[in-house]
Structure formats: structure tokens, C-alpha cells
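Here is the structure we will look at, set down as C-alpha cells.
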Amino acid sequence: MRNWLRGGHGKGENCSQWTAIDSAGTVLAAGLAGAAIVQVLGGLRPLNRLRDELAQLREGRRATLDDGYPSEVQPVVDELNAVLARNAEFVERARNQAGNKPGTCGEDAAERDG
């Protein structure tokens with residue numbers, strides 16, 4: 001049946017022609033696989049950058065995430081920055097409330113003693 005698909009009628013006919021086509025197909029497949037790998041790695045680069053920035057955030061080396069991500073990722077970055085800003089507001093409010101309570105370190109000694 002394979003000879004029929006190739007158009008050959010007997011063993012060995014057009015063998016070198018099909019060997020060349022098989023080789024070209026192999027080279028093409030390898031090239032496409034390589035291009036796919038490069039495309040995937042390039043597409044993941046922004047997520048790797050985001051991961052690195054999140055690690056810096058967790059370690060306290062940054063307060064927010066940078067802008068400039070692809071349109072698919074930027075909305076997530078914007079939402080994370082909004083959450084970070086809201087948390088910073090809560091922390092600031094908690095610090096202010098803790099400083100206004102009697103008997104805390106934020107109170108003057110004169111106020112305590114007077």
C-alpha cells in the first residue's frame with residue numbers, strides 16, 4: 001500500500017525521492033518543535049519577571065509591582081498593587097489607632113504622669 005501512495009509500482013522505485021522527502025519532513029518537524037519551544041519560553045518571560053518581583057515583595061525589598069506587563073498579565077498586576085495599597089492603608093490605620101490608646105509607647109511621658 002505504501003508504494004501505491006507514493007505512486008511507485010514495485011520495490012525500490014522512487015526510493016531516493018521519498019528518502020529525501022522523509023529527511024526534509026524530519027528537518028521541518030525539528031525546526032517547528034524548536035520554534036515552538038522558543039515561543040513558549042518567550043511567552044513565559046513576563047511570568048518569570050512577575051514571580052521575581054513577587055519574591056522581592058515578600059522579602060520586603062519592594063512595596064509594589066512594576067508596570068509594563070503584556071495586556072494579558074497587566075490587569076493581574078494592577079489588582080495586586082491595589083490589594084497592596086489597601087493593606088498599607090490598614091496597617092497605617094492600625095498604627096495610628098495603636099498610638100492613640102492610653103498606656104502605649106506612642107503616648108508622651110508627660111501625658112501619662114500629668
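The values are calculated or read from the model by the stated rules, or taken from the named source; none is laboratory data. Fair warning: this is a prediction, and the values are worked out from it, not measured in the lab. Here the Cβ is made from the backbone with ideal geometry for all residues, glycine too, and neighbour counts use every protein chain on show.
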By residue number, the members of the stretch 47-56 that are touching a Lys or Arg at 6+ places or on another chain (Cβ under 9 Å) and either assigned to a loop (DSSP other than H, G, I, E, B) or polar (S, T, N, Q) (or both) are GLN56
Residue pairs within 8 Å by beta carbon, gap of at least six or interchain, first lying in the stretch 87-98 and part of a helix (DSSP H, G or I), second surrounded by 10 or more Cβ atoms within 10 Å (Cβ to Cβ), listed first then second, are ALA88/ALA63; ALA98/THR104; ALA98/GLY106
Pair list, Cβ under 8 Å, 6 or more apart: the stretch 20-37 residue on the phi > 0 side of the Ramachandran plot, other residue modelled with pLDDT of 95 or more and basic (Lys, Arg) = none
Out of all the residues in the stretch 72-84, which are in a helix (DSSP H, G or I) and not acidic (Asp, Glu)?
-> GLN74, PRO75, VAL76, VAL77, LEU80, ASN81, ALA82, VAL83, LEU84
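Is the stretch 57-71 home to any residue that is assigned to a helix (DSSP H, G or I) and free of Cβ contacts under 8 Å to residues at least 12 places away in the same chain? Give the steps one after another, and end with the answer.
Filtering the stretch 57-71 down to residues assigned to a helix (DSSP H, G or I) leaves 57-58.
Imposing the further condition that a residue be free of Cβ contacts under 8 Å to residues at least 12 places away in the same chain reduces the set to 58.
Checked the stretch 57-71: at least one residue is assigned to a helix (DSSP H, G or I) and free of Cβ contacts under 8 Å to residues at least 12 places away in the same chain.
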